[in-house]
Structure formats: structure tokens, C-alpha cells
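> Dropping the structure in here first, questions after.
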């Protein structure tokens, strides 16, 4: 029985890697989502094309292939990343492409009235976005962002392919060493579920915060 | 004779194949209170939206406060105005909308102070002091911290008027500001506007279907039909003895619909 506590410890180490990847990947995805999402609405056409190309490429190819490119092909171009960096980059860029469409859609769904009011009080393009449009678009983004973050959490399992010992990788190791499938996989099932509950809870809290006083804006 | 503060010179405006304004010219003198009346689709609202730079023009020139609105000089040549020029010109103009267009995520006072703080760099304390004075003027000092969703239509519209006034424009545009209100709330908004008209030397353009109010409010009434000024003059003449047949028909219909003139 003493052995099991060691094996569980191994899985918990993996859980830490998974959590790290999720947090850092989500942070990068968020940056990419806003950068590309807002660029898709920019008045400057080349910026729109660039953002469009990014979104289509990263949505249209598999995360699996992207990860291999980042980790095994980029070194030929002189960019060598650690497995963790490569994982964060692939996950962040991939999920960020989905997020960009969420940002774009939410910004576009703020009524035209609000843009016109901004022009009438002479706010600049940036002030308009920062003070009027985004604060109203944010509550519309959060439910989908929550989905994306949970997708990203589950997507972290692919990084075991580039020798990163995340939770799923460690479960495989334990399974190989003990011959038991039930215990390691039941453990990570519970852990993944707990982490996704944590994300969902955090998002609900955020949603409550940003929608405070905003009734009448959301349907 | 003073120079006009607004000058429309041969303005054309089309939406796709639909021509709304076709060679419209008129002047507005500083301090003048102008009422624009006429059937729906006659181009009244488009005129205000063009002045607020919410719609571009298809042809012609507009002068506001002695400067071109949609054109500027660059290397001795006239070119279309850029965003910086429009930004500069918009300082002269404020607008109140039919549907209020308040910022729903900001409290009443923040709705009013946002633009002065951001666009004029006014210190917050000073902006709030002026904002409170404006709220007091429209009778809503006790609602400073309320959210727009907690207000009635009439209260929202009075906040919107205060918001436009906070930027101290020389020209104010009122676009059917009582059309979206319940009948019993119309009066409180009109009272605020009447006071403004009487007590300030702001130039005001009013698009309305409230003929009684246009009569009280305006120095000059312009009757539009299909993008053209059919008839214009002091309200006493336009409303009591219109000469043009289309004006007569329009006013008869309005009276038949239960509006007072």
C-alpha cells in the first residue's frame, strides 16, 4: 500500500505540470484573443488580413500537428524551446485563435447606438473601445472564454507527446509500472474534473463582477 | 451681419441607390433655434446625423464655425477630412438621440463626466462638480449614482441632455428626443429643452413631431419633403398660414393625429 502513495505523488507532480500549462496557456490565449480579435476589426486592412490568416491557420490545423511544429521543426529555424515553452505556445496560439473570434463577435454585438454616442461625445477610437465598447462586450465573452479555458485544460494532455510529464503522461507511467488502469485513471479523472470546476467557478465569479449594474445589456 | 455658424452648400447624400438629400443648401445663424419638420423619410434626421459626423456626405460642402466639416486643406489642396480634423470639429457639436444611448455600464454621473475627463482632460473633481450642477439643472441631482437601467425614459433623456451639455458645445442637435417616450414623460423633457432655449445662446437644431413644442421653441421652422426645403419662416407663419400645399397637408394630418399645433 505504501507504494501507492508514491504513485499518487507522481500523478500529483503531473497535475502541477498540467496546472502550469493551463494557467500559462490561458494567459497567452487571452493575449492572442484580444490582439487578433481587435486586429480583425482594425481600420487598417493589412492588420485585418494578418489576424484573419492567424485565426484560420490555427483553427484549421490540429493542435497535435502545431505542437510538433513548435517543438521539432522550429529548432531548424534557430528557435529552440523547452517542452514547457513549446506546450504553452502551441496551446495558447491554438485556443487564442478561437478566442479571437469570440472577442470579435462580442465587440460587434454591442449596439451601434453605443458607437454613435461615443462619436457624439467625441471619444477617440481607443477611448471608445477601452471605456465603452469592451466593458459591455466582456460579459458576452466570458461564457465562451470559460468553454475555451476548459478545452485548453483538456488539451494539455497532448503535450506528453513532446516528453512533458503532465498528468496524463504520469498516469500512463503508473499504469505501466503497476498494471492497474483503474486507480491512476480514476485519479486523473477526478483531478481534471476538479480543475475544470475551479475554472468554471472562477469564471462565474468574474461574470458576476463585470455584469454588476449592467442589467438590460444581456438578454 | 454676423457670419452663419452652420452653412450647408449643395449637399448630396445617398444611401446606395436612394438619394436622401439632393443639392440642399441652407444657413443657420449663431444662437438660432431651428425646428426641422416634415414627413418621415424627408431627410431631417439625416441632416443632424451628417452634422454629428455619423454619416458621411456624398457631395457638397458644410461649414461649421467658419471651418469646413468634411474637407481640409493639405498642401494647398482641398482633401477629405481625416479623423483628427473630425475630432477637432466635433468639439463644437453635441447631440441628443431618440433612444438616449446612455452608457449602460456607467452610473448617471459617470455618463456625464466620462467625455470631459477623457477628451478635455478635466480633473475628475471639477468634472463631477459641473456634472452635479448639470444634473441639478435637469432635476436629477438625487440620481447621480443610479444606473441608467433604474431610470424612466424621461429621466434617461434628461441625463442624455446633461451629458451633451457637459462638453459645452456651441451647437446642439436634438433628434426626435421625445418620440420614444411614454406620453406622460414628454413634458419633463420638453421643459428642460425650453429652459435651455430661453437661457442659453447655443445654436439648436431640433427634429420633432411635436408641433406645439416646435412652435414655442423655434425662431425659424424648416418644412422638409423628400430632401428639399419646401417652406421656411417664423413658426407663427408656418403653423398658422402655410403657403405651400404640401405643408398644409402635412400639418392637417398631424392635427388629425391628435397633436396640438
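The values are calculated or read from the model by the stated rules, or taken from the named source; none is laboratory data. Everything quoted here is computed from the prediction, not taken from an experiment. A quick note on method: Cβ atoms are made from the backbone with ideal geometry, for glycine too, and the neighbour counts reach across all protein chains shown.
> Restricting to the stretch B:162-176, and then to whatever is out of contact with any helix residue (DSSP H, G or I) (no Cβ under 6 Å at 6 or more places or on another chain) and under 16 Å from residue B:98 (Cβ atoms), can you tell me which residue is surrounded by the most Cβ atoms within 10 Å (Cβ to Cβ)?
B:174
> Here is a check on your reading of the model: is residue B:146 out of contact with any strand residue (DSSP E or B) (no Cβ under 6 Å at 6 or more places or on another chain) and touching a residue at least 24 places away in the same chain (Cβ under 8 Å)?
Yes: the conditions hold for residue B:146.
> Need a quick list: helices (runs of 4 or more DSSP H) entirely within the stretch A:110-219 having at least 1 residues that are more than 14 Å from every other protein chain (Cβ to nearest Cβ) and within 16 Å of residue A:18 (Cβ to Cβ).
A:134-155, A:167-178, A:182-210
> While we're looking at this one, here's another question. Going through B:88, B:74 one at a time, which residue ends up being surrounded by fewer than 16 Cβ atoms within 10 Å (Cβ to Cβ) and either within 13 Å of chain A (Cβ to nearest Cβ) or within 26 Å of residue B:211 (Cβ to Cβ) (or both)?
Testing whether each residue is surrounded by fewer than 16 Cβ atoms within 10 Å (Cβ to Cβ) and either within 13 Å of chain A (Cβ to nearest Cβ) or within 26 Å of residue B:211 (Cβ to Cβ) (or both) leaves just B:88.
> Could you list, in sequence order, the residues of the stretch B:214-226 that are outside any strand (DSSP E or B) and surrounded by fewer than 22 Cβ atoms within 10 Å (Cβ to Cβ)?
B:215, B:216, B:219, B:226
> Out of everything in the stretch B:115-131 that is crowded, with 16+ Cβ neighbours inside 10 Å and touching a residue at least 12 places away in the same chain (Cβ under 8 Å), what residue ends up being nearest to residue B:187 (Cα to Cα)?
B:131
> Here are some residues: A:78, A:99, A:105. Which one is under 21 Å from residue A:33 (Cβ atoms), away from chain B (no Cβ under 14 Å) and without any contact (Cβ under 8 Å) to a residue 60 or more places away in the chain?
Unique residue meeting the criteria: A:105.
> Being within 21 Å of the chain's Cα centre (by Cα) and surrounded by 18 or more Cβ atoms within 10 Å (Cβ to Cβ) is the filter; apply it to the stretch B:132-152 and report the residue that is nearest to residue B:185 (Cα to Cα).
B:138
> Pick from B:126, B:188: which is away from chain A (no Cβ under 14 Å), out of contact with any helix residue (DSSP H, G or I) (no Cβ under 8 Å at 6 or more places or on another chain), more than 19 Å from residue A:117 (Cβ to Cβ) and not in a loop (DSSP other than H, G, I, E, B)?
B:126
> If you don't mind, there's one more thing I want to ask. Restricting attention to the stretch B:191-206, report how many residues are out of contact with any strand residue (DSSP E or B) (no Cβ under 6 Å at 6 or more places or on another chain) and assigned to a loop (DSSP other than H, G, I, E, B).
2
> Report yes if some residue within the stretch A:125-142 is surrounded by 19 or more Cβ atoms within 10 Å (Cβ to Cβ), under 23 Å from the mean Cα position of the chain (by Cα) and farther than 30 Å from residue A:43 by Cβ; otherwise report no.
no
> With (1) without any contact (Cβ under 8 Å) to a residue 40 or more places away in the chain; (2) within 11 Å of chain A (Cβ to nearest Cβ) as the list, and residue B:169 as the residue in question, which single condition is left unmet?
(1)
> Further question: Would you mind telling me which numbered condition in (1) part of a helix (DSSP H, G or I); (2) at pLDDT below 95 residue A:43 fails?
Of everything listed in (1) part of a helix (DSSP H, G or I); (2) at pLDDT below 95, residue A:43 misses just condition (1).
> Identify, please: which residue in the stretch B:63-89 is free of Cβ contacts under 8 Å to residues at least 60 places away in the same chain and touching a helix residue (DSSP H, G or I) at 6+ places or on another chain (Cβ under 7 Å) and is, among those, farthest from residue B:2 (Cα to Cα)?
The qualifying residue farthest from residue B:2 (Cα to Cα) is B:72.
> Which condition number does residue A:122 fail, the rest of (1) in contact with a helix residue (DSSP H, G or I) (Cβ under 9 Å, 6 or more places away or on another chain); (2) closer than 17 Å to residue B:52 by Cβ; (3) surrounded by fewer than 20 Cβ atoms within 10 Å (Cβ to Cβ) being met?
If we test residue A:122 against (1) in contact with a helix residue (DSSP H, G or I) (Cβ under 9 Å, 6 or more places away or on another chain); (2) closer than 17 Å to residue B:52 by Cβ; (3) surrounded by fewer than 20 Cβ atoms within 10 Å (Cβ to Cβ), just (3) comes out false.
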